[in-house]
Amino acid sequence: MKRDIILSGVGGQGILSIAAVIGRAALEDGLHIKQAEVHGMSQRGGDVQSNLRIGTADLIVSMEPMEALRYLPWLAHDGWVITDTTPLVNIPNYPDGEALRRELEQLPHVVALDADAVAKAAMAPRSANMALLGAAA
């Protein structure tokens with residue numbers, strides 16, 4: 001059994017926190033885990049990713065739609081994408097939001113949600129990353 005999860009977003013969105021929660025849950029479930037993180041871009045706006053290899057199916061959890069699409073080459077054919085729909089426009093040539101939405105809609109297994117709106121509705125506006133993790137669960 002193999003499970004690879006790619007967590008992606010930009011600095012300050014809580015990607016490494018999501019990795020820590022999933023990693024701890026896997027360990028508590030008796031699974032063997034390997035985790036790697038990219039730390040160099042922790043300032044807000046830089047690309048951040050964390051890779052977890054656990055042991056069962058493929059998943060991309062992304063706090064940012066363009067970042068979700070960036071890692072599609074590593075997604076298994078039957079893998080899932082769980083992504084926030086709100087773009088964080090941090091570069092001058094950021095793709096059109098509608099084009100990103102259309103590309104996501106073409107994927108066979110995708111859950112796209114406004115994680116900020118979910119977090120605000122739960123009266124926890126700084127927990128969008130946990131709202132996205134809940135969608136993945």
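Read-outs: derived from the displayed coordinates by stated rules, not from any lab. In this text the structure is predicted, and so the values were computed from the model without any measurement.
Worth pointing out:
- Segment Ala135-Lys34, length gained on full extension (0.36 nm per residue, minus Cα span): 34.1 nm
- Fully extending the segment from Glu105 to Asn93 would add 2.1 nm, taking 0.36 nm per residue of separation and subtracting the current Cα-Cα distance.
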